[in-house]
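Derivation of every value follows stated rules applied to the coordinates shown; laboratory data play no part. Values in this document were obtained by computation on a predicted structure and should not be read as measured data. Cβ placement follows ideal geometry from the backbone for every residue including glycine, while neighbour counts extend to all protein chains displayed.
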Amino acid sequence: MILRGLLYVGNEPSKDSETAKPIQGVPNPTYEWMGLTNEWGIRVKPGEHGLRLGDVNVGIYGEVPERWEDQTRRPRGALPRPGIPPLPYSLRSKHEMWADCAANLYEEAIQRRWIPATEVPWDLLAELPEDVERSVCQICTELSQCANTELEIITYWQDQMSYGYFEVKQYLATATFDCARHLEVLRKRALSNGGGLGLESRGRVNRMILESSGGWTEAVVYLYLLRGTYLTRLLAGLLEYAHNDAESYIYSHMLEDHARHLTYGYDHLKYAATHHKGGAAIMRTLLAIGEGMFAAEIEDPIVKSAMAIIFGGGIEGGRTFGMERYLLLIREFLQDYLELCSWLGVDREETLHPKLKQYLEI
Amino acid sequence: MAVFPSEQWFREVREVYNSDTSLHSGGGGACDSKAGLGIGDKYYKIEFAGLECANVGVCSESDLSEADFIIEMPMDAWVTMIKDVQGNGKASSNQTLNSLDLDHEDGIARSPIDDQYRQDLFYRYNQNFQDFFNASSRVTTTF
């Protein structure tokens, strides 16, 4: 009723055309805007998977230009209106953000959303030895900072992406929501089994990602190719050593979300490397810098020992099998990373940072 | 009683999986993927569409050139995994697709045409495939 009052100040408009009175000051509508369209008569039919974002990319609506000069919020395909003040979109070239899979990933993300509050079987959490609980909570703390970094860097750059590439902007909106969900579920895990949050991360790589000011592609190099590939192995390891069905649910679903993020990231980097002259060389330089920072981060004893304790089932096992398992995780991450770099055309095998190379030799 | 691996066995698992949505924990959402399974020297294609396993059947390796990815393991590894599911009602932590992928030197999933994007579907839809194999706990199986 309050809303009703707000919507109708005074008498409610009459629907009866004979009794309706003209409202003073409001001219008769001319409908001159009708017919002002770039392309009319589009009638896309739903396919076997429904009416998906990519399906309506038909006619001029499906034309994705290499450069989007328009600095307004004009939806792609809509008729431009003269005199609209420009907005500060700094990313206006396709190679700066594009990935062919973005529209499909958007659909996938909204279809595969999950609800930590009710879908994680929280009642199946079981008491763990204190050293293991502390380690799980420390990893939750670290991972939640990673999720927060991802969320912040996406939203920072998303704001600067032109509307001509709306598929990417929409997909990234789902990625930020995924990150929020990860923050939520990690916090809930840490606070629901007798523990609490642990020590704040030094955050070297987080800072490197957040300070990557050369463009979104630069951020993607650090966020997904370097750190994201590592996080995949970390989450897969946590899933393998999950202590109960609640943790299995959490890690498996985080892993699926994260895999979607990496699919966009890798696809974008492939696009940027092949459609932007010098793009691969820039990535190679960025990686040479980033690997050093990343090597310093994984040398940090906190994540290393916490993961070893989780893998080893306690401090004792962490000193032997657990640490061996963690070092294997790092080696497998580096193998994935080098393979991806090679696929992108930015071979790193010969010039991999020496501190990372040593993990391959263990 | 169905023999693993056989088309009959996969059909029975598919029926169980499709008829009980409580078995679908994978992302709570749609899965659209055509995958292959390499079981020893036998090959099967499996297709998920939306919330269901739409198709499953025997095929040749060359039929899988259009698959998003192929999950491939030696016969004894498959048998160990299925026996584990049968015994526990679902895969133990060291017998999930995720764990087996980690434990195999080159992983267990590959793209038949080296397409990174489509191979990633193995990770994005991992739980749907896990749920499918977990559903086999309700199918009386011989080997």
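The table for this structure:
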quantity: 10 Å Cβ neighbours from other chains, averaged over peptide B:117-126; calculated: 6
quantity: Residue mean of other protein chain beta carbons inside 10 Å, A:334-341; calculated: 1
quantity: Sequence-separation-based contact order of region B:2-137, relative, with Cα cut under 8 Å and 6+ spacing, percent; calculated: 28 percent
quantity: Calculated on alpha-carbon atoms, Rg and Dmax of region A:223-362 in Å; calculated: 16.1, 53
quantity: Exceeding the 25 Å Cα-Cα cut-off - candidates A:Lys45/B:Lys34; A:Lys188/A:Lys357; A:Lys169/B:Lys34; calculated: A:Lys188/A:Lys357; A:Lys169/B:Lys34
quantity: In degrees, nearest ten, helix A:279-299 long axis to first principal axis of chain A (Cα); calculated: 50 degrees
quantity: Beta bridges per DSSP with both ends in the protein assembly as shown, % antiparallel, nearest 5; calculated: 70 percent
quantity: Solution diffusion estimate, µm²/s, Stokes-Einstein, chain A, Kirkwood Rh from C-alpha pairs, 25 °C, viscosity 0.890 mPa s; calculated: 105 µm²/s
quantity: Descending Cα extents along the principal axes, region B:2-137, whole Å; calculated: 34, 31, 26
quantity: Using alpha-carbon coordinates, inclination of helix A:166-190 to the longest axis of chain A, degrees; calculated: 50 degrees
quantity: CD proxy at 222 nm, helix term only [per DSSP H run n ≥ 4: -39500 (n - 2.57); per residue of the protein assembly as shown; nearest 500]; calculated: -15000 deg cm²/dmol
quantity: Sorted by Cβ density within 10 Å, fewest first, the residues A:His243, A:His49; calculated: A:His49, A:His243
quantity: Exposure proxy order (Cβ contacts within 10 Å, fewest to most) of A:Ile84, A:Ile298; calculated: A:Ile84, A:Ile298
quantity: For A:110-120, mean number of other protein chain Cβ atoms within 10 Å; calculated: 3
quantity: Size of electric dipole in chain A: Cβ of Lys, Arg +1 and of Asp, Glu -1, about Cα centre, debye, nearest 20; calculated: 940 debye
